[in-house]
Amino acid sequence: MLGGCTTVQKPVAEQAAQNVAPAQVWLLGEVHDNPAGHQQRYALLQQRVEQGWRPALVLEQFDRENQDLLDKAQKSCLDAQCLIRVAGGGRWDWQQYYPLLQLALDYHLPLVAGNLSRADASRVVRDGMRAVFDAQSMRDYQLEQALPADLRAAQAAEIAASHCNMLPEMMVDGMVNAQVARDIWMARLIREQRPRDVVLIAGNGHVRKDIAVPHWLARLPPALSVHSVGYTEAAAVPGQYDTVVQVAAPVRPDPCASLKQGAK
């Protein structure tokens, strides 16, 4: 794991990659609806791919059961709009991902559906980790045991904040399990791409070094060199990412307004 943290106050693609030792795995985060973050991340990838890098892309935006559709789209589609039509779902603002998907098509970068579906996540909430992981994975990641207390507490705080601190406490544990299951699933898929380099495209919460995909990547051998980049709208806590690219927040309505209104 690469140590230290670089903060890029005026995000430029070249700056995010400067003075960083080569890594087998790059974890590139996002605030899902932040166009500036998407643009900065794309610029970094475009620069490196044009220089000859050919990683596999593991994407949170595609659910695992859609891998066959994604493979079909990558073989038959010449443009990203076609790929989105064939393999995309309704949960994402696909125009934000169009340049990245076009880059993958133009340079024949493998696309890997990296997410558990909402149905998978619901099964984890209801039935626990065995709902999606086989016996070997349960042993490998010690999922029969309680999650580390600090990891569980940090994930619970993230989930509560993302739900405007209005989530019933009885729901938090199951949602923590679902988030951890997604992180482990992504970590497994990243390992499956070896020896090819890998880029994970996912929300900032999934690329945090302390509690998310990097934590689970480090649980199994062989060790992989990993570099995590958070594209954040505010200063990040030291140690959460290797590099922080701070981007301006777009004008958006208060996401908690409707919940607060409903609670009155």
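Worth pointing out:
- With the helix formula -39500 (n - 2.57) applied to DSSP H stretches of n ≥ 4, the chain reaches a computed 222 nm mean residue ellipticity of -13000 deg cm²/dmol.
- Fully extended contour minus Cα-Cα distance, from residue 33 to residue 145, at 0.36 nm per residue: 36.8 nm
- Annotation note: chymotrypsin sites (Phe, Trp or Tyr not before Pro) in segment 169-233 located in DSSP loop regions with a Cβ neighbour count of at most 13 within 10 Å are absent.
- Area of residue 192 that stays accessible when all protein chains are in place (1.4 Å probe, Å², to 10): 110
- Hypothetical label at residue 71: residues of segment 117-140 whose amide nitrogen lies under 20 Å (7 Å Cα-Cβ projection): 117
- Full extension of the chain between residue 136 and residue 225 yields a length gain of 29.6 nm, computed as 0.36 nm times the residue separation minus the alpha carbon distance.
- Dipole magnitude for the chain: computed about the Cα centre from +1 point charges on Lys and Arg Cβ and -1 point charges on Asp and Glu Cβ, it is near 120 debye.
- The chain: DSSP helices with Cα axial extent of at least 27 Å and average Kyte-Doolittle hydropathy no lower than -0.5: 169-192
- Averaging 1/r over every pair of different alpha carbons in the chain and inverting the result gives a Kirkwood radius of 19.1 Å.
- Loop sites in segment 18-93: chymotrypsin sites (Phe, Trp or Tyr not before Pro), DSSP, at most 16 other Cβ within 10 Å: 53, 92
- Classification of segment 175-264 by its C-alpha gyration tensor yields a prolate form. The axis ratio a/c (a ≥ b ≥ c) is 1.5 or more, and a/b outweighs b/c.
- Neighbour-limited loop hits for chymotrypsin sites (Phe, Trp or Tyr not before Pro), segment 99-181 (at most 15 other Cβ within 10 Å; DSSP other than H, G, I, E, B): 107
- Residue 108 paired with residue 192, simple spin-label distance in nm, labels 7 Å along Cα-to-beta-carbon: 2.2
- Isotropically averaged projected area of segment 111-159, using the convex hull of Cα atoms (one quarter of hull area), nm²: 4.5
The values are calculated or read from the model by the stated rules, or taken from the named source; none is laboratory data. Small disclaimer: the values here were computed from a predicted structure and weren't measured. So basically every Cβ, Gly included, is an ideal-geometry build from the backbone, and we count neighbours across all protein chains shown. Accessible surface areas use protein heavy atoms only, side chains included; no ligands, DNA or RNA. Shrake-Rupley method; radii C 1.70, N 1.55, O 1.52, S 1.80 Å.
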